[in-house]
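Derivation of every value follows stated rules applied to the coordinates shown; laboratory data play no part. As the structure is a computational prediction, the values presented were derived from the model and not from experiment. With ideal geometry, Cβ positions are generated from the backbone for all residues, glycine too; neighbour counts draw on all protein chains shown.
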Amino acid sequence: MTLTVAVLIACALAFLTKIVGYVIPPRLVEGERTMRVSTLLPAALLTGLIITQTFADGQSLVIDARVGALVVAAILLWRGAGFITVVVAGALAAALLRLAGLG
Amino acid sequence: MSEGASTGELTHERRRAVLRQSWSVGIATGLYGVSFGALSVAAGLDIWQTQALSALMFTGGSQFAFVGIVGTGGLAAAPAAIATATMLSIRNGLYALSTRRFLAPEDGRFHPLRKAAAAQLTIDESSAVGLAQPEPPASRIGFWHTGIAVFLFWNLMTLVGALAGSVIGDPKTFGLDGAAVAAFLALVWSRLKSAEARLTALGAAVLALVTVPFVPAGVPVLVAALAAVFFGLRGATAGATAPPPDPAKDGDPVP
């Protein structure tokens with residue numbers, strides 16, 4: 001599989017998740033179990049992503065400049081900062097820590 | 001307004017108010033496309049692949065997840081990237097259960113092309129603006145205009161970010177890997193209001209941490225999803241029904 005094929009498959013599946021909501025009878029998915037799991041799903045997946053993006057280097061766990069980005073982002077979000085501010089500050093934190101020779 | 005609602009027409013002022021809301025939401029959230037474009041080329045996708053994600057996938061959380069996983073695990077992690085992006089898009093389908101109530105024409109004939117266009121534009125912002133309007137005609141205008149506005153600006157800014165990112169070169173120099181971490185934290189932050197969501201996130205973090213050394217890159221994220229299954233089923237009562245999620249409350253800060 002080339003990366004372009006992977007991109008196109010992912011795009012097709014995303015469209016499928018959207019169109020399904022317009023064509024199936026709602027009662028099929030409005031069960032409480034389905035709704036509860038799908039409501040919690042983004043929090044679980046995004047947290048999994050945060051962990052791997054911060055601590056994983058291939059299959060090893062490492063502590064480097066990315067942890068600094070995570071901490072700075074957490075402080076800013078706690079203080080109510082907006083998305084772009086948080087993202088730019090995360091980049092700055094990681095870059096400055098590397099410049100200082102840490103991570 | 002009551003008169004307007006009964007005839008299916010909106011007053012001029014009301015229509016303008018909905019349009020103003022739709023386009024300001026579209027411009028504001030579309031701007032975040034810069035960060036996606038830059039992170040995507042930093043993760044190793046070319047400009048075409050990056051642009052394809054914004055135009056065809058068109059759901060921000062899934063796009064960030066896809067490039068994040070491919071960025072760390074390369075092509076070998078593509079199946080995990082596809083699975084994660086798809087699972088993150090499920091909520092769009094759940095929004096559709098609500099938006100279809102005002103989008104489907106009253107005569108019941110929802111043209112297939114129109115339905116497909118509506119599906120492609122069904123994201124946090126379009127659903128939130130549409131569902132926030134009290135009258136169906138305003139809901140329709142809000143949904144379509146927000147969806148189109150976000151689509152245009154998100155794609156335009158993705159291109160800007162991808163071009164800028166490809167000039168930068170090695171992503172680590174400018175801390176773009178730190179930007180990705182920060183972006184994911186910003187995405188999950190608003191979803192951690194309930195104790196249950198926080199428990200789920202904690203469980204997901206532990207699952208991802210312990211599995212990283214043993215499975216290929218990308219797979220720990222899929223394992224982390226089991227936390228949602230566990231905590232979701234734990235408190236559920238069998239057979240009960242629940243309403244679809246609310247895009248205004250459960251949405252991401254990006255499209």
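Annotations for the structure displayed:
- Contact map, the range A:68-93: first residue in contact (Cβ under 8 Å) with a residue 12 or more places away in the chain, second residue surrounded by fewer than 17 Cβ atoms within 10 Å (Cβ to Cβ) and of a type in the set (Ser, Thr, Tyr), Cβ cut-off under 7 Å, separation 6 or more or different chains; pairs are A:76/A:85.
- Within the range B:141-153, the residues that satisfy the criterion of being touching a helix residue (DSSP H, G or I) at 6+ places or on another chain (Cβ under 6 Å) and more than 13 Å from chain A (Cβ to nearest Cβ) are B:141, B:142, B:145, B:146, B:149, B:150, B:153.
- The residue that is farthest from residue B:125 (Cα to Cα), among those in the range B:8-62 that are within 11 Å of chain A (Cβ to nearest Cβ), among the aromatic types (Phe, Trp, Tyr) and within 18 Å of the chain's Cα centre (by Cα), is B:36.
Residue-wise test of (1) touching a helix residue (DSSP H, G or I) at 6+ places or on another chain (Cβ under 7 Å); (2) buried (at least 24 other Cβ atoms within 10 Å of the Cβ).
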position: B:13; (1), (2): no, no
position: B:21; (1), (2): yes, no
position: B:25; (1), (2): yes, no
position: B:31; (1), (2): yes, no
position: B:40; (1), (2): yes, yes
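- Qualifying residue in the range B:83-105 (condition: touching a Phe, Trp or Tyr at 6+ places or on another chain (Cβ under 7 Å), farther than 19 Å from residue A:7 by Cβ and not hydrophobic (A, V, I, L, M, F, W, C)): yes
- Verdict on residue A:44 being of a type in the set (Gly, Ala, Ser), under 20 Å from residue B:92 (Cα atoms) and either more than 7 Å from chain B (Cβ to nearest Cβ) or in contact (Cβ under 8 Å) with a residue 60 or more places away in the chain (or both): no
- 1 or more residues in contact (Cβ under 8 Å) with a residue 60 or more places away in the chain: qualifying helices (runs of 4 or more DSSP H) within the range B:186-237: B:219-224
- Scanning the range B:200-222 for residues that are surrounded by fewer than 17 Cβ atoms within 10 Å (Cβ to Cβ) and more than 7 Å from every other protein chain (Cβ to nearest Cβ) yields B:202, B:206, B:210, B:214, B:215, B:216.
- Candidate set: the range A:1-31, residues that are among the aliphatic types (A, V, I, L, M) and outside any helix (DSSP H, G or I); chosen: the one nearest to residue B:50 (Cα to Cα): A:1
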